[in-house]
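Quick note: the coordinates plus some simple rules give every number you see, no bench work behind them. These numbers were taken from a predicted model, which means no experiment stands behind them.
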Amino acid sequence: MQILYVNDDEQISKLMCTFFSINGHDVILVSHVQAAIETVKEKRPDVIFWDVCRHDHAAMTAIDQLKSSRETRNIQSIVMTGEVDATTHSSFYASGADGIMTKPFDLRALAKQIDLFARTSEWGDGVYHMGRR
């Protein structure tokens, strides 16, 4: 499976790239929203992980834009955020996010969710609170 990971923190991006790669996935790293949109149009990943801050309007707009396009609407968009409030989650879902993972999350649980997605092409109900530590 090809994963696009969007995060402006270089160290976290490298760690997540290693994690995804070890678990057998092709990974594309980008550091900002505009690069993500361009990459999606060119590469057509299976899933996008948006590692974002609170109320990231640029990410919300990008998700909405991708979900509005016939060519990209079926690409899963999963938001990774430290925010646990319902307002933030609702805002991301309203933009078209397919799921939300609340940080911190358990990497083993994330690997299982990705494997499930790769086998079924579905994320279930779309809510991913991956177990706060």
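Odds and ends about this structure:
- Separation between Cα centres of the stretch 1-37 and the stretch 46-110, rounded to whole Å: 14 Å
- Relative frequency of Cα-Cα separations exceeding 24 Å in the chain, percent: 19 percent
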